[in-house]
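> I am attaching a structure below and will ask some questions about it afterwards.
The values are calculated or read from the model by the stated rules, or taken from the named source; none is laboratory data. It should be emphasised that the depicted structure is a prediction, and the values quoted were computed from it without experimental measurement. Glycine also receives a Cβ, built like all others from the backbone with ideal geometry; neighbour counts cover every protein chain displayed.
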Amino acid sequence: MYPQEQKYGSYYCIVFGRDGNRSIRKVLDSLLSQTVMPGKIIVIDDGSTDGMYDTVQEYGRKNPGMITVHETNNKTRDYTRLPLLWNMGLLDGYDFHMIVPSDASFVTEYAERMLQELAQNPNLVIVSGDWGPMKAQAPHGGGRFVRQSFFWKHYPQGYPRILGYESEILERAILNKNEIKVLNDVEIFHHDALGHSHNFKEFGYGMKSLGYYPPYVFGRFVMDFVRNKSMGKKGALKMLWYYLLFRPEKDGYYSMLPADVRSAIRERQKKYINSLARRAVRKLLRRHRSGLAIQKVTAPATKSSGFSIVRGETVRSADRN
């Protein structure tokens, strides 16, 4: 391990969660074992009742100056508070911040790989590793590194407390002609199965607030339902149900995201659906043409003309007798 400022710039971690005592040691140990160390680890405990706060306090005492712990004394589990927790950990004076859920740990070279990408490309503003099938197309919420110069320019008040905040910043980066990236070969380990403490209501509501194109939503539902992997069939059904059920409010957490973001998302998804349709049509046409070609090759010789080829000569069938 070596000081992170020497090569790639500085970063700090925002660790957040509630009742994550089963996994928080793995999370903090993985951060303290990074080949490029963070300058600070800010832990936000949102009113845990399972002993998580005591555990992170223990780590704070063992790592003074590195780990700082904040407790909210919140009495209920409330997903609308998550952007507030992120904002509680924000600091000035660093080049990047890393978002860390209380159930996610990382390979030892995780931070170094993220920082290498960010150092090589100044236009890259958000990057993360991957988990599960390792085929993600966009950075995950947990494990993402965010360039603070971009962040403070567009979010001087911190993360907006609005449904879809994790995706909104990605869309804002794209609209701003910046780049986002996911490194599929750098693994994130989630110790809490998706759906156990995750709220599928948020997934469904979020797609509506982000302005998702309806055919795209249905396609995602079918894919998740058929594959039956991390989300499961039940989770896919819940997600679709809450998408159909959701009626956005005029303002507040459950309101729609800005119109420019919604429009950009919908247009991109329309283009994606159209490209899939064109590929499917081309594939069907190729199959049809290849089928016709096979039929021509294997079709029996016709006798309607009354002619046949014998030893290079054309003769009438009647002349053979």
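> Would you tally the residues in region 253-282 being loosely packed, with under 11 Cβ neighbours inside 10 Å and either in a loop (DSSP other than H, G, I, E, B) or assigned by TED's automatic domain parsing to the domain that holds A173 (or both)?
Residues flagged as loosely packed, with under 11 Cβ neighbours inside 10 Å and either in a loop (DSSP other than H, G, I, E, B) or assigned by TED's automatic domain parsing to the domain that holds A173 (or both) within region 253-282 amount to 0.
> Of the numbered conditions (1) in contact with a strand residue (DSSP E or B) (Cβ under 8 Å, 6 or more places away or on another chain); (2) within 23 Å of G9 (Cα to Cα), S102 satisfies every one except a single condition; which is it?
(2)
> Test G164 against the criterion of being over 14 Å from the mean Cα position of the chain (by Cα), assigned by TED's automatic domain parsing to the domain that holds R22 and small (G, A, S), and give yes or no.
no
> Tell me yes or no: at least one residue of region 161-175 is more than 21 Å from S263 (Cα to Cα) and hydroxyl-bearing (S, T, Y).
no
> Does W131 satisfy the criteria of being of a type in the set (A, V, I, L, M, F, W, C) and closer than 27 Å to F200 by Cα?
It is true that W131 is of a type in the set (A, V, I, L, M, F, W, C) and closer than 27 Å to F200 by Cα.
> A follow-up question, please. Filtering region 38-57 down to residues that are assigned to a loop (DSSP other than H, G, I, E, B) and either touching a residue at least 40 places away in the same chain (Cβ under 8 Å) or basic (K, R) (or both), which residue is surrounded by the most Cβ atoms within 10 Å (Cβ to Cβ)?
Going through the qualifying residues, I end up with P38.
> Something else about it: Aromatic (F, W, Y), touching a Ser or Thr at 6+ places or on another chain (Cβ under 9 Å) and surrounded by 12 or more Cβ atoms within 10 Å (Cβ to Cβ): does that describe Y243?
So Y243 does not fit the description; no.
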